[in-house]
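Structure first, commentary second.
The values are calculated or read from the model by the stated rules, or taken from the named source; none is laboratory data. Just so it is clear, the model here is predicted, and its values are computed rather than measured. Ligands, DNA and RNA are stripped out before the accessible areas are found, and what is left, the full protein with its side chains, is counted by its heavy atoms. Shrake-Rupley method; radii C 1.70, N 1.55, O 1.52, S 1.80 Å.
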Amino acid sequence: HIVEKGLASIYQEELNKKNMELLKETKTRSELEKALKNAELKALQSQLNPHFLFNVLNTIGKLALLEGAVKTEETVFSF
């Protein structure tokens with residue numbers, strides 16, 4: 001009976017260790033997923049930023065000017 005209790009105690013300790021490891025891994029995974037979602041959100045926000053859009057259109061307009069694409073340049077600057 002004593003041996004069985006000792007073995008049960010050892011098994012319980014191992015199980016507790018495994019559960020703690022699993023909890024830590026789950027927490028780490030959750031934090032990583034949250035960080036990934038935040039990064040994705042920031043990337044989307046930067047794409048929608050009006051200043052970003054202005055810079056892109058300005059770059060396209062200047063490229064059209066350099067290439068001599070007058071209609072493209074006028075359209076971009078009008079937009």
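Backbone geometry of the stretch 56-63 corresponds, through the Karplus equation with coefficients 6.51, -1.76 and 1.60 at θ = phi - 60°, to 3J(HN,Hα) couplings of 5, 5, 5, 5, 4, x, 5, 5 Hz, x marking Gly and Pro. Potential lengthening of the chain between Asn16 and His1 amounts to 3.2 nm, from the contour at 0.36 nm per residue minus the alpha-carbon distance.
For the chain, with all protein chains present and a 1.4 Å probe, just round the carbon and sulfur fraction of the accessible area to a whole percent. Could you put the intermediate results ahead of the total?
On the way: 4690 of 7450 Å².
That fraction is 63 percent.
In the full protein context, the chain carries 94 Å² of accessible surface per residue, based on a 1.4 Å probe and ignoring ligands, DNA and RNA.
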